[in-house]
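Down below is the structure, laid out as structure tokens.
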Amino acid sequence: MRWKRVLFSGLGIGLIYTLFIHAKTTPDLPVPLQDKPIRTIVIDAGHGGSDHGAGGRYSHEKDIALDVALKLGKILEDAMPDVKVVYTRKTDRFDDVHRKAAIANEAKGDLFISIHCNAAPPIKKIVGYKTRTYYVKKKKRTRRVNVYESHPNPAKGTETYIWATAKNAAKTESLRNNSVIVFDANSEETQAIMDAQDPETIIMLNTLRNVYFDQSVRLSTLVQDEFSRVGRIDRGARQRNEKGILVLHATAMPSVLVELGFISNPEEEEYLNSADGQNELATCIYRAVKRYKDELERVYKSGEAARPALDPAPAPASAPTVPARQVVNHIPATVSTTNETPDAPAADAENLNYKVQLMTTEKVYARTNTLFKNLKGTIEREEFKQGKKKVNKYIWGSFRTEAEAQAAVYKARKQGFSDAFMLTYKDGSRID
Ligand SMILES: [Zn+2]
């Protein structure tokens, strides 16, 4: 389903921004792009195997991360049977972070949650002095030196990270790579739409990245909110410095990294290792995910409900300024009724296929006309009579799914066919 989401997002650039604008004036933020915005959640227990992560007095980050990841996964599996939970690891195993990101991408996750513990270096305190003896040219000298005692750093509390905006280009790259993987490579039209070199594709992907960024920010805020509700110290939702966190920008989905607490703080180390503490942590993250998912679904439904009142309009040239009513039409009407499996980008039900009507005109154009230069695939011309006039209908392509066709509509509009729209066929006959 992800490629579909990519396309919806891309073709619905305006839609996305519309919902942003809408979202910023209403209490809840996010952006729905499909009937079930969250189908797969990837849980990543940080570190593992030979990579212990941070250490406390008696425990390692990798073990706490795994315990909480498994507990969170169990809660999600029980409470959200419609959601598939994927783990980057379920055992004490080492995987390179690139591998972890690849697992998430292969699973076509809709959300990536990485679980870690924080640590802060011990604090040295001067507790006294001592005299040190040394020799210079065999002459004995003494010097007073400080005596230190090491104390655990009192830093405590939770933090949730999102990827650093300095890593935006890397995130877009991840989206691009993964949209291609799941794309229907057999279709000339779909390849044309999703041409990786095409500036339009880049715009789509950057837009999608911005959506994911806002969604990640939203989830990170909810996670922190849930932690503070149970009395944890909230150190905020934040971005890491330019270096970034690889799993956050190498995953082609909204992504957050939760620092459960400071393993370097003895009190928190106790909490992080206790069954009660771990259950509380997992429950907090679960509640945040639940709120996030509910919000996405709610906004999706409201977009769906609002649609019939809205007029079709050409896709906007510059997305952020588009007024709401112009774009909600890009949500395919049947999206919530398709019965595809969550993972497979299957063709739409029955013997349906889709084409794009580019324009009607009295003029006759050849396929080779420069008008159609950027539209790969077939262009059909259908003649019909309008009063006494002969008029020509130009129809582009044949698409397996509505999402592909909607993407093609977007592309056609960008090519100047401002009235382009989708046609639906069943067994070769037009049915819409
Ligand atoms: Zn870590």
Enumerate the amide H contacts of Arg89 below 5 Å, restricted to partners 5 or more residues apart or on another chain; note that Pro and chain-start residues carry no placed amide H. Ala45
Quick check on the stretch 347-430: take the gyration tensor over C-alpha atoms, sort the square-rooted eigenvalues as a ≥ b ≥ c, and tell me if it's rounded (a/c under 1.5), prolate or oblate. oblate
Taking H as built 1.01 Å from N, whose amide H comes closer than 5 Å to the amide H of Leu358, not counting residues under 5 places away? Tyr394, Ile395, Trp396
Computed FRET value (nearest 0.05) for Ile203 with Glu77, which takes r as the C-beta separation and R₀ as 45 Å: 0.75
Per residue, how many Å² of accessible area does the stretch 347-430 show with a 1.4 Å probe? 51 Å²
Taking protein heavy atoms only, a 1.4 Å probe, and rounding to whole percent, the accessible area of the stretch 62-141 owed to carbon and sulfur comes out at 53 percent
Taking 0.36 nm per residue of separation between Asn279 and Lys363 and subtracting their Cα-Cα distance, the length gained on full extension comes to 23.3 nm
If you roll a 1.4 Å probe over the stretch 347-430 with all protein chains in place, what percent of the accessible area is carbon or sulfur? 45 percent
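The values are calculated or read from the model by the stated rules, or taken from the named source; none is laboratory data. A quick note: this is a predicted structure, and the numbers were derived from the prediction, not measured. Glycine gets a Cβ as well: all are built from the backbone with ideal geometry, and neighbour counts include every protein chain shown. We work out accessible area using only protein heavy atoms, side chains counted, and drop any ligands, DNA or RNA first. Shrake-Rupley method; radii C 1.70, N 1.55, O 1.52, S 1.80 Å.
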